[in-house]
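Comments concern the structure below.
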Amino acid sequence: WLTSDKIQGARQASDEVKPPTQATTITQEFIEVPVVTYSEMTDSVPALRYTYTLHYPTIALSGHPNHAKATNDIIKTFILDKLEDFRNNLEPDTDVPGSADATSDFTLRGTPTLLSPTIVSLRFDSAEYISGSAHSNHQTHVLIYDMERGSTLSTEELFASTTLALPTLSTIARRELRARFSDMPATEFANATTEGSAPLLENYGAVALSREGLTIIFDPYQVAAYARGSQEILVPLTEIKNELSPRVLEALRMAETQFREATTAEFGGI
């Protein structure tokens, strides 16, 4: 199984992989829409009474294997970090008493939301149950990676103006939430949504990029009661197009008509 030391070792191994040489422009030689297959890690750790399943995409670029390897190492590090966060919640000082007969579990499933020759956007939905808790905790994480430049993109970096990025998303999110929660009195709505939809990076870390536009994902409790679940807001490309960076728009253009998945067998057992 993956102990904390093994997780750290795997993360360090990924960190040692040097990203591809940075490019300042999109080159014709680089244009290749990636193919995705899926990998899975699953195990149980009896000593800490937990099980986990990590199901995640693996990128293939036949003409650019080094870029694919660097991307997959970033993905592996990303999911191992989420597993380590879960492990940390199991430490003895947790405020949730565990049961000697019960186990905790962590499940994470990833899927691409955009596959372009230069930028990929990957969504990871996780469910975490800590023994003794009243219910599972659900979260969504997004990884956007520029394969050509070898860098992870924050939500702000998707925009031409990083200064205006979060205020723009906050304004759109609050407008859509107000329409969605029309049954809530104004004061109740403000109390529920103001803090979680404020223009802060911590509130907009889960923003996925796709050919349709941007999808803002709020976890349960963030902008509404748990019973209402997570909230997803699609910001159509037609509404946000003029705000996005030219590089992101170019990645979207190249991905518009090409999105392919393959089975492991089809792509030679990646």
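Laid out as a table, the results:
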read-out	value
Test: residue 73 is open to solvent by less than 50 Å² (accessible area, probe 1.4 Å) and in a helix (DSSP H, G or I)	yes
Residue match in the range 163-170 (condition: closer than 30 Å to residue 61 by Cβ and not polar (S, T, N, Q))	yes
Matching residues, the range 146-180, being hydroxyl-bearing (Ser, Thr, Tyr) and either farther than 20 Å from residue 202 by Cβ or free of Cβ contacts under 8 Å to residues at least 40 places away in the same chain (or both)	151, 162, 163, 170, 171
Cβ-Cβ under 9 Å pairs, at least 6 apart or on other chains, the range 31-46 side over 23 Å from residue 251 (Cα atoms) and in contact (Cβ under 8 Å) with a residue 24 or more places away in the chain, far side open to solvent by 10 Å² or more (accessible area, probe 1.4 Å) and acidic (Asp, Glu)	44/105
Counted residues, the range 203-230 - those being open to solvent by less than 20 Å² (accessible area, probe 1.4 Å), under 19 Å from residue 121 (Cα atoms) and touching a residue at least 40 places away in the same chain (Cβ under 8 Å)	10
All positions within the range 143-178 that are of a type in the set (Ser, Thr, Tyr) and more than 25 Å from residue 109 (Cα to Cα)	161, 162, 163, 168, 170, 171
Positions within the range 216-270 being modelled with pLDDT of 80 or more and among the basic types (Lys, Arg), in sequence order	228, 241, 247, 253
Test set (1) farther than 30 Å from residue 72 by Cβ; (2) among the β-branched types (Val, Ile, Thr); (3) open to solvent by 40 Å² or more (accessible area, probe 1.4 Å) - residue 152 fails condition number	(1)
Test: residue in the range 40-47 that is at pLDDT 95 or above, touching a Ser or Thr at 6+ places or on another chain (Cβ under 9 Å) and under 27 Å from residue 148 (Cβ atoms)	no
Residue check, residue 113 at pLDDT 95 or above, open to solvent by 10 Å² or more (accessible area, probe 1.4 Å), closer than 22 Å to residue 219 by Cβ and in contact with a Ser or Thr (Cβ under 7 Å, 6 or more places away or on another chain)	yes
First in the range 184-202 and modelled with pLDDT of 90 or more, second anywhere and among the polar types (S, T, N, Q) and assigned to a helix (DSSP H, G or I), Cβ under 8 Å, 6 or more apart	196/203; 197/170; 197/203; 198/170; 199/170
Candidates 186, 198, 160, 134, filtered to the one that is surrounded by fewer than 18 Cβ atoms within 10 Å (Cβ to Cβ) and within 25 Å of residue 74 (Cβ to Cβ)	160
Neighbours by Cβ (under 9 Å, 6+ apart or cross-chain): first from the range 109-128, under 19 Å from residue 50 (Cβ atoms); second open to solvent by less than 10 Å² (accessible area, probe 1.4 Å) and of a type in the set (Gly, Ala, Ser)	109/126; 124/110; 125/110; 128/104
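The values are calculated or read from the model by the stated rules, or taken from the named source; none is laboratory data. As the structure is a prediction and not an experimental result, all values here were calculated from the model. So basically every Cβ, Gly included, is an ideal-geometry build from the backbone, and we count neighbours across all protein chains shown. Areas reflect the complete protein model, heavy atoms only, side chains present, ligands, DNA and RNA absent. Shrake-Rupley method; radii C 1.70, N 1.55, O 1.52, S 1.80 Å.
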